[in-house]
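Engineer: Quick one: the structure is below, and I'll ask about it shortly.
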Amino acid sequence: MSESLWNDETIKPIQHLRVVDLSIMLTGPYLTRILAQYGAEVIKVEKTPHGDPCREERYSALFELLNRGKKSVCIDFTKAEGRELVKLLASEADVFVENLRSGVMDKYGLGYADLAESNPDLIYVSLRGMADKFSSKSGHDLNFISTSGCGEWFLEGGANYSSQFADIVGGVFAPLTKLLVHLANPNRRGMHLISYADESFRSLYLPKAFEKVEFESSQESEKHRFEASVKLDGRFPNSRFYRCRDDQWISLQAIQKKHWLQFCQITDRQQWQERAEDLTLVPELEKMFLDAPAPYWEALNHNAEACLFRVVPWEEFLKTSQSRSKLSSDPLTWAGFASNPNLSAHPELGQDSFAIAHGLGYPNDKIGQLLDIGILSQKNKS
């Protein structure tokens, strides 16, 4: 007998939520983009006259990715009438998101205390860069890594500029987790949720940091209990990347004894069985892997469980997966999120200004007046 299963790809689980998003650039827009993917109505409030700085030509592809499925209202919220519009929007919202420096929203009269007066159930999310003594300073991804206390670990083996690690881990996924936990509480009340990117970035290094502190304070007989992260730091032969003859790379992470024994068997190196953590074995492994191309070594693992896998080049990956079509049609599915191919394209600046103001009860003549004096801005549709 078949069972009817919940399918959040057809029934969006948070379609009842309204999110007012005053964030810019990457962190806040990425967070609210995920909320839109799962059905939330996201109203992107952009400051006149230019809106989100990510609309600049050089960031346009990123803007398109981060703002699909959202509405855009362009408001001069430095003026009293503009602030009133934002407050009215927030009074009907479940979640409010901003990522400006500490104190900026209070200066505009749009801080948590200001908005909670009319909507005490509002979850007000403030995404900050740096905590403690740097909280009032401007910063970006590399700065958050620097002030996290984990920067020197991040730089081990050389800097990696291939992604915005602190922005995405610390500025998107950590606060998103906190937000969803509070939204899941049936007895939730309004709150000011503040999340710091440098603080949350530390989650990447939590096991390492915990072990280091515990190792230092433990008795000599207990120190072996705090070595897991050390064994994964790339120094040991059984847990490393190795370059192969074709200049491709292979990954070996045979950290369990059974996997290391299989590795020794498939490479015909039984004499290495007791040397999984012998640092002097690394040069021998490096020499061995340089004797053949990466596909050869990976093929040895086909009928084994030696935790030996080739680093698949990007262009090859595109040819053998659905990545290209996913990234073109519904990009978040490429990163493992549920499908929502029906989201609208990213909005033009202020394209929904009139409709949103009208929905808040403003009559047409008043909206026209606000447009004329620049409190509201709306791109004319061609």
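The values are calculated or read from the model by the stated rules, or taken from the named source; none is laboratory data. Please read these numbers as outputs of a predicted model, since none were measured by experiment. Here the Cβ is made from the backbone with ideal geometry for all residues, glycine too, and neighbour counts use every protein chain on show. For the accessible areas, the whole protein counts, side chains as well, though only heavy atoms, and no ligand, DNA or RNA atoms are used. Shrake-Rupley method; radii C 1.70, N 1.55, O 1.52, S 1.80 Å.
Engineer: Return the distance in nm (one decimal) between the two label points of a simple spin-label model at H302 and N342, each offset 7 Å from Cα along Cα→Cβ.
Structural biologist: Placing both labels 7 Å beyond Cα along the Cβ direction yields 4.5 nm.
Engineer: How large is the accessible surface of M288 in square angstrom, using a 1.4 angstrom probe and rounding to the nearest 10?
Structural biologist: 10
Engineer: Moving on to the next point. If you build the convex hull over the alpha carbons only and average its shadow over all orientations, what do you get for segment 168-246? Give it in nm² to one decimal.
Structural biologist: Average projection, Cα convex hull of segment 168-246: 9.6 nm².
Engineer: Whole percent per 20 Å bin, from 0 to the bin with the longest distance: what is P(r) over all C-alpha pairs of the chain?
Structural biologist: Pair shares across the bins are 23, 46, 26, 6, 0.
Engineer: Here's a follow-up. Please enumerate, by chain and number, the lysines with C-alpha under 27 Å from the C-alpha of K223, excluding those fewer than 8 residues away in the same chain.
Structural biologist: Once the sequence-local lysines are set aside, what remains near K223 is K208, K212, K231, K257, K258.
Engineer: Moving on. Which one, S377, I24, Y108, projects farthest toward the positive side of the charge dipole computed for the chain from Cβ point charges (K/R +1, D/E -1)?
Structural biologist: S377
Engineer: Could you pull out every one of the aspartates and glutamates with an alpha carbon less than 15 Å from that of K87, ignoring same-chain neighbours closer than 8 positions?
Structural biologist: D21, E46, D76, E98, D106, D114, E117, D121
Engineer: Carbon and sulfur atoms: what percent of the 1.4 Å accessible area of segment 185-286 do they account for?
Structural biologist: Solvent-exposed carbon and sulfur of segment 185-286 make up 49 percent of the total.
Engineer: Let me ask something else. Could you provide, to the nearest whole Å², the per residue accessible area of segment 126-173 with probe 1.4 Å?
Structural biologist: Per-residue value: 54 Å².
Engineer: At a 1.4 Å probe, what is the % contribution of carbon and sulfur to the accessible area of segment 1-155?
Structural biologist: Here carbon and sulfur together make up 50 percent of the probe-accessible area.
Engineer: Right, another one. For segment 106-209, which chymotrypsin sites (Phe, Trp or Tyr not before Pro) pass both filters: DSSP loop (anything but H, G, I, E, B) and at most 13 other C-beta atoms within 10 Å?
Structural biologist: In loop regions of segment 106-209 (DSSP not H, G, I, E or B), the sparsely surrounded chymotrypsin sites (Phe, Trp or Tyr not before Pro) are Y161.
Engineer: Write down the radius of gyration of segment 92-181 and its Dmax, each obtained from C-alpha positions, in Å.
Structural biologist: Here Rg and the maximum Cα pair distance are 15.5, 52 Å.
Engineer: So if a site counts as exposed when it's one of the trypsin sites (Lys or Arg not before Pro), its DSSP state isn't H, G, I, E or B, and it has at most 11 other Cβ atoms within 10 Å, what's the longest stretch of the chain without one?
Structural biologist: Result, exposed sites excluded: 190-380.
Engineer: Related question: How large is the Rg to Rh ratio of segment 242-381 when both quantities use alpha carbon positions and Rh follows Kirkwood?
Structural biologist: 1.40
Engineer: Looking at segment 70-124, which GluC sites (Glu not before Pro) are DSSP coil and have at most 14 other C-beta atoms within 10 Å of their C-beta?
Structural biologist: Those that pass, being in a loop and sparsely packed, are E92, E117.
Engineer: Another one. Quote the FRET efficiency, to the nearest 0.05, computed for S321 versus K107 with a Förster distance R0 of 41 Å and r equal to the Cβ-Cβ distance.
Structural biologist: 0.30
Engineer: So what are the three principal axis dimensions of segment 1-118 from its Cα atoms, in whole Å, longest to shortest?
Structural biologist: 62, 39, 22
Engineer: Right, another one. Against the longest principal axis of the chain, how steep is helix 257-266, in degrees 0 to 90 to the nearest 10, with axes from Cα atoms?
Structural biologist: Tilt of helix 257-266: around 60 degrees.
Engineer: Once you list every other residue whose beta carbon is under 12 Å from the beta carbon of L343, what net charge do they have if Lys and Arg are +1 and Asp and Glu are -1?
Structural biologist: With Lys, Arg at +1 and Asp, Glu at -1, the neighbours total +2.
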